[in-house]
1. Identify, please: which residue in region 224-267 is part of a loop (DSSP other than H, G, I, E, B) and modelled with pLDDT under 95 and is, among those, surrounded by the most Cβ atoms within 10 Å (Cβ to Cβ)?
2. Do any strands (runs of 3 or more DSSP E) lying entirely in region 1-95 carry at least 3 residues that are out of contact with any Ser or Thr (no Cβ under 7 Å at 6 or more places or on another chain) and touching a residue at least 40 places away in the same chain (Cβ under 8 Å), and which ones are they?
3. Go over the candidates VAL216, VAL201, VAL190 one by one and state the one that is aliphatic (A, V, I, L, M) and in contact (Cβ under 8 Å) with a residue 40 or more places away in the chain.
4. Determine whether GLY24 is assigned by TED's automatic domain parsing to the domain that holds LEU183, touching a Phe, Trp or Tyr at 6+ places or on another chain (Cβ under 9 Å) and more than 27 Å from ILE215 (Cβ to Cβ).
5. What residue, of LEU114, LEU108, LEU95, LEU83, is crowded, with 16+ Cβ neighbours inside 10 Å, touching a Cys at 6+ places or on another chain (Cβ under 8 Å), on the phi < 0 side of the Ramachandran plot and in the same structural domain as ARG127 (by TED's automatic domain parsing)?
6. For the list (1) part of a strand (DSSP E or B); (2) buried (at least 21 other Cβ atoms within 10 Å of the Cβ), I need the number of the one condition that ARG275 fails.
7. Please return the ranges of strands (runs of 3 or more DSSP E) entirely within region 107-178 where 2 or more residues are under 20 Å from the mean Cα position of the chain (by Cα).
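The values are calculated or read from the model by the stated rules, or taken from the named source; none is laboratory data. What you see is a predicted model; the values in this text were computed from it and never measured. Here the Cβ positions follow ideal geometry from the backbone for every residue, glycine too, while neighbour counts run over all protein chains shown.
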Amino acid sequence: MKLSDFKYQVPEELIAQYPSKKRGDSRLMVVDRESETVGHHTFKEFYKYLNKGDCLVVNQTRVFPARLAGVKDKTNAKVEIFLLRELENDLWEVLVRPARKVRVGNKLNVGGVLGCEVVDNTVSGGRVVRFNYDGSFYDIIDEIGQVPLPPYIKRDSEDVDKDRYQSIFASKRGAVAAPTANLHFDNKMVKKLESRGVKVVPVLLHVGLGTFRPIVVEDLTRHKMDSEYFEISQEAAAAINSTIEKGNKIVAVGTTVVRVLESVVTTNRHIKADRGWTDKFIYPPYDFKIVNALLTNFHQPASTLIMLTCAFGGRDLIFKAYEEALKEQYRFFSYGDAMLII
């Protein structure tokens, strides 16, 4: 399939700029692959689609305030620094804006408490910088950094984002964007699932900025995903494999979970405990070996996320569902409504 096969138009007014008033207040579209039908529900009904023995796999990554406002030494020119990933102690890959003003050898200052020197160039505005500071790096950025909202949210981060752009499963810091399907859950929903006999199992994938990087080639086989760090513990792998052996469903919460599970498949269609980096790019056609159902949001046109969703649900059925979502004025993207594909 080609890039143009995944393009569609979404009105600006349907792009959610704020989260719902409470977690779990969103709508839920249910897409049935067997009957090729689309149903309209609320997320509060989600638990009804899982049964005793099923396994709900969530992403426990935690977003950190990766957007920093800095200035250049000597000139005091304003520079935005976006933390991508730590390469080694205090050496980070970052994006800088405006990139043309930041060269190797430049020194930047952030809030008078964090300094850095540009030591290398990467690509597309990327730099490698070495930070210097007193105290704890993460304590400092927790104090002075901003929540890195996606570019389609046309506002600065606010207090509401510190809580709501973080899932209740978030426990391991490292993401620069939230795994948004996880944002719908509250503790009440988790308790309903557990009382129903559903296992809730955490895995980890630190979402990187590559989630939002546009695909620039029409031939999808030529696109290269950015690598993202993942972990699956022995306990998580055992729980998932036990579910598979008993013939119950594996329900993935979000495309990030799907990419993790499909990155560690064994020859007998189980998974193995592992940690490392994955650049797995899933697009139609694809043979899913682990996941039986997928909870996800409504994604940007021509994004790797909508491609994975179409690989799972079928391109024609998913685009039929998106047309219905536009007609019924669902809320789109990170703070938007949810879709369950069964």
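1. Looking at residues that are part of a loop (DSSP other than H, G, I, E, B) and modelled with pLDDT under 95, I get MET225.
2. Correct list: 27-32, 55-59, 67-72, 78-88.
3. Values: VAL216 fails: in contact (Cβ under 8 Å) with a residue 40 or more places away in the chain; VAL190 fails: in contact (Cβ under 8 Å) with a residue 40 or more places away in the chain.
VAL201 is the lone residue from the list that is aliphatic (A, V, I, L, M) and in contact (Cβ under 8 Å) with a residue 40 or more places away in the chain.
4. Criteria met by GLY24.
5. LEU108
6. Among (1) part of a strand (DSSP E or B); (2) buried (at least 21 other Cβ atoms within 10 Å of the Cβ), ARG275 violates only (2).
7. 172-175
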